[in-house]
Amino acid sequence: MVPRLAVGLLLLLTLPGCLTYEYEHEFWLRVDGSGTVNVTGRPALWTAFKALGDPEDPDGTATKEAVRELFERSGLEVERVTLTHRRGQAYLFVSASFSDVSRLSYTPAFPDLRVALRADEGRLRLEGAWQRPLDAPDTGGRDREGLMAVRFHLPSRVYGHHNAAEGVERGNILGWRQEVGAALDGGRLDFGAVMDERSILFSTVVLFGGAVILAVLLLALALWAVTRRGRRDLEHSG
């Protein structure tokens with residue numbers, strides 16, 4: 001009984017939705033390019049990838065105040081900054097909204113991310129890459145374990161993607177990941193997707209509205225047929 005339970009727990013932990021990341025960008029995107037981004041990571045990785053804090057100073061690690069200032073200076077509206085703990089390690093988390101995902105590249109908050117969303121023959125094309133900046137400070141070897149990821153919750157039907165780790169998850173989620181060690185060594189994480197230019201919500205509303213209109217028309221046709229038949233019956237009986 002115990003071995004079976006252990007195997008079940010192992011399988012559960014290996015499911016895509018149960019993966020945890022030591023450093024992660026997670027985007028909720030709209031078709032107009034606006035959206036929300038959550039960034040979570042160990043303070044040392046914030047230093048290594050976004051140059052916050054000083055790895056040589058024990059008291060100079062990335063802080064909540066520094067994260068907020070960095071994102072606000074980059075033109076984002078910061079909604080929340082927290083310091084959480086997982087397995088005894090600290091993680092900095094920020095949630096912020098933006099007006100155009102294509103304008104995030106090269107800002108102080110995203111020296112490690114290149115991303116663009118553009119219209120392409122009636123569809124939307126998302127393209128980008130994540131890579132550690134060349135001038136980012138070194139954090140040493142103790143922070144090399146685990147995975148990092150870039151993930152997108154896309155607003156519309158996905159037609160294709162560039163090597164997403166688990167393919168399309170739950171209909172509209174794509175994610176790309178690599179080992180933290182490879183990321184610290186300069187590993188490049190390319191990502192891309194092609195999607196509908198109409199949001200899932202818009203398509204659903206149009207479909208629902210069309211179904212309602214069709215139902216009303218059928219009901220009206222049925223009432224017209226019943227009324228016409230009733231008139232004929234009255235004329236014949238008269």
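General remarks:
- With respect to being more than 29 Å from residue 195 (Cβ to Cβ), crowded, with 22+ Cβ neighbours inside 10 Å and modelled with pLDDT of 95 or more, residue 37 falls outside the description.
- Screening the candidates 160, 167, 192, 171 for the property of being closer than 23 Å to residue 120 by Cα and open to solvent by 50 Å² or more (accessible area, probe 1.4 Å) yields one hit, 171.
- Which numbered condition residue 53 fails, given (1) surrounded by fewer than 19 Cβ atoms within 10 Å (Cβ to Cβ); (2) not in a strand (DSSP E or B): (1)
- Failed condition for residue 93, given (1) assigned to a loop (DSSP other than H, G, I, E, B); (2) open to solvent by less than 40 Å² (accessible area, probe 1.4 Å): (1)
- Candidate set from the range 103-124 (those that are open to solvent by 70 Å² or more (accessible area, probe 1.4 Å) and assigned to a strand (DSSP E or B)); member that is nearest to residue 189 (Cα to Cα): 114
- Residue satisfying condition, being open to solvent by 20 Å² or more (accessible area, probe 1.4 Å) and over 19 Å from the mean Cα position of the chain (by Cα), within set 135, 100: 135
- Only strands (runs of 3 or more DSSP E) whose full extent lies in the range 141-204 are considered here, and the ones with at least 3 residues that are under 23 Å from residue 48 (Cβ atoms) and modelled with pLDDT of 95 or more are 147-153, 173-179, 189-196.
- Within the range 73-84, the set of residues being more than 11 Å from residue 94 (Cα to Cα) and either over 22 Å from the mean Cα position of the chain (by Cα) or open to solvent by 70 Å² or more (accessible area, probe 1.4 Å) (or both) comprises 73 only.
- Cβ-Cβ under 7 Å pairs, at least 6 apart or on other chains, the range 79-97 side modelled with pLDDT of 95 or more, far side of a type in the set (Asp, Glu): 95/79; 96/77; 96/79; 97/77; 97/79
The values are calculated or read from the model by the stated rules, or taken from the named source; none is laboratory data. Computed from a predicted structure; not experimentally measured. For neighbour counting, all protein chains shown are included, and Cβ atoms are generated from backbone atoms with ideal geometry for every residue, glycine included. Heavy atoms of the whole protein, side chains included, go into the accessibility calculation; ligands, DNA and RNA do not. Shrake-Rupley method; radii C 1.70, N 1.55, O 1.52, S 1.80 Å.
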